């Protein structure tokens with residue numbers, strides 16, 4: 001049950017992250033829609049973790065049900081990451097038509113990945129300590145991994161390119177924390193290609209630390225809110 005419990009904890013953490021970011025967006029009346037996209041990402045990522053964890057919690061001995069939970073988790077993962085792509089495109093000032101086109105492309109990529117996984121669905125392996133290796137299809141796992149790696153690299157590029165010259169230490173710290181959190185969360189892609197216990201454990205550590213670090217800057221009030 002270890003994997004199930006950890007995924008439920010991560011689902012709760014993602015839900016909290018979505019609520020925190022949505023509250024900050026509304027309270028500070030931030031005009032940029034891409035901040036709102038982040039909250040949508042975390043809300044959908046909550047369902048990704050639930051798809052991983054709940055089937056194992058309810059049907060711990062039914063490997064086929066667990067495998068279908070993995071398929072749904074992949075779908076929710078892709079849907080959640082699309083909001084990050086939209087945010088990136090808005091920061092890069094893409095036109096609305098280009099954003100729609102890219103969104104359709106990533107939806108198509110998600111469909112292909114999930115269908116490949118379903119047509120060659122393999123049953124997961126459960127360790128004696130409750131951790132799971134999903135034994136996902138190699139092609140779908142590779143697509144997911146490359147997809148996440150490219151997104152993380154693009155995120156870092158945008159940060160460096162748009163790094164303000166004159167900002168306070170607190171704002172710099174927030175940017176560093178958000179980027180570090182994104183990199184750690186992105187590094188958890190190894191979960192989808194894991195073939196041993198160490199990779200599974202590392203992916204849980206990466207996503208837990210990444211999500212926590214990513215959320216922290218949104219809990220730090222602005223200077224005028226402190227006064």
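Test residue 207 against the criterion of being within 17 Å of the chain's Cα centre (by Cα), more than 20 Å from residue 8 (Cα to Cα) and modelled with pLDDT of 90 or more, and give yes or no. Break it down stepwise before answering.
On the way: within 17 Å of the chain's Cα centre (by Cα): yes; more than 20 Å from residue 8 (Cα to Cα): no; modelled with pLDDT of 90 or more: yes.
No; evaluated as a whole, the condition is false for this residue.
Go through the stretch 1-114 and tell me which helices (runs of 4 or more DSSP H), entirely inside it, have 2 or more residues that are exposed (fewer than 15 other Cβ atoms within 10 Å of the Cβ) and at pLDDT below 85.
Details: elements: 2-27, 33-58, 63-91.
By residue number, 2-27.
I need the full set of residues from the stretch 115-126 which are part of a helix (DSSP H, G or I) and within 21 Å of residue 148 (Cβ to Cβ), in order please.
Selection gives 115, 116, 117, 118.
Looking only at the stretch 134-154, filter to residues that are in a helix (DSSP H, G or I), touching a residue at least 40 places away in the same chain (Cβ under 8 Å) and more than 13 Å from the chain's Cα centre (by Cα); which one of those is farthest from residue 118 (Cα to Cα)? Give the steps one after another, and end with the answer.
So the first thing to find is which residues in the stretch 134-154 are in a helix (DSSP H, G or I), and the list is 138-154.
From what's left, touching a residue at least 40 places away in the same chain (Cβ under 8 Å): 138, 140-142, 144-145, 147-149, 151, 154.
Within this subset, residues satisfying the condition of being more than 13 Å from the chain's Cα centre (by Cα) are 138, 140-142, 154.
Working: 138: 12, 140: 10, 141: 12, 142: 15, 154: 29 Å.
Of everything passing the filter in the stretch 134-154, 154 is farthest from residue 118 (Cα to Cα).
Quick check: is even one residue across the stretch 189-199 closer than 24 Å to residue 27 by Cβ, at pLDDT 90 or above and either part of a helix (DSSP H, G or I) or out of contact with any helix residue (DSSP H, G or I) (no Cβ under 8 Å at 6 or more places or on another chain) (or both)?
Start the filter on the stretch 189-199 by keeping residues that are closer than 24 Å to residue 27 by Cβ, which leaves none.
Scanning the stretch 189-199, I find no residue that is closer than 24 Å to residue 27 by Cβ, at pLDDT 90 or above and either part of a helix (DSSP H, G or I) or out of contact with any helix residue (DSSP H, G or I) (no Cβ under 8 Å at 6 or more places or on another chain) (or both), so the answer is no.
Name the one entry in 143, 213, 112, 158 that is closer than 23 Å to residue 11 by Cα and touching a helix residue (DSSP H, G or I) at 6+ places or on another chain (Cβ under 9 Å).
On the way: 143 fails: closer than 23 Å to residue 11 by Cα; 112 fails: closer than 23 Å to residue 11 by Cα; 158 fails: closer than 23 Å to residue 11 by Cα.
Criteria check complete, one pass: 213.
Scanning the stretch 168-198 for residues that are touching a residue at least 60 places away in the same chain (Cβ under 8 Å) and buried (at least 16 other Cβ atoms within 10 Å of the Cβ), which turns out farthest from residue 140 (Cα to Cα)?
Just the residues of the stretch 168-198 that are touching a residue at least 60 places away in the same chain (Cβ under 8 Å), to begin with: 192, 194-197.
Then drop every residue that is not buried (at least 16 other Cβ atoms within 10 Å of the Cβ), which leaves 192, 194.
Details: 192: 9, 194: 13 Å.
Top of the filtered list is 194.
Those residues that are buried (at least 16 other Cβ atoms within 10 Å of the Cβ) and over 16 Å from residue 70 (Cβ atoms), I need them from the stretch 115-130; list them, please.
none
Does the stretch 146-160 contain at least one residue that is in contact with a strand residue (DSSP E or B) (Cβ under 9 Å, 6 or more places away or on another chain) and surrounded by 13 or more Cβ atoms within 10 Å (Cβ to Cβ)? Can you show your working first?
First, pick out the residues of the stretch 146-160 that are in contact with a strand residue (DSSP E or B) (Cβ under 9 Å, 6 or more places away or on another chain): none.
Within the stretch 146-160 (the criterion being in contact with a strand residue (DSSP E or B) (Cβ under 9 Å, 6 or more places away or on another chain) and surrounded by 13 or more Cβ atoms within 10 Å (Cβ to Cβ)), the answer is no, since none of the residues qualifies.
The values are calculated or read from the model by the stated rules, or taken from the named source; none is laboratory data. Since we're looking at a predicted model, the values are computed, not measured. All Cβ positions, even for glycine, are placed from backbone atoms using ideal geometry, and neighbour counts span all protein chains on display.
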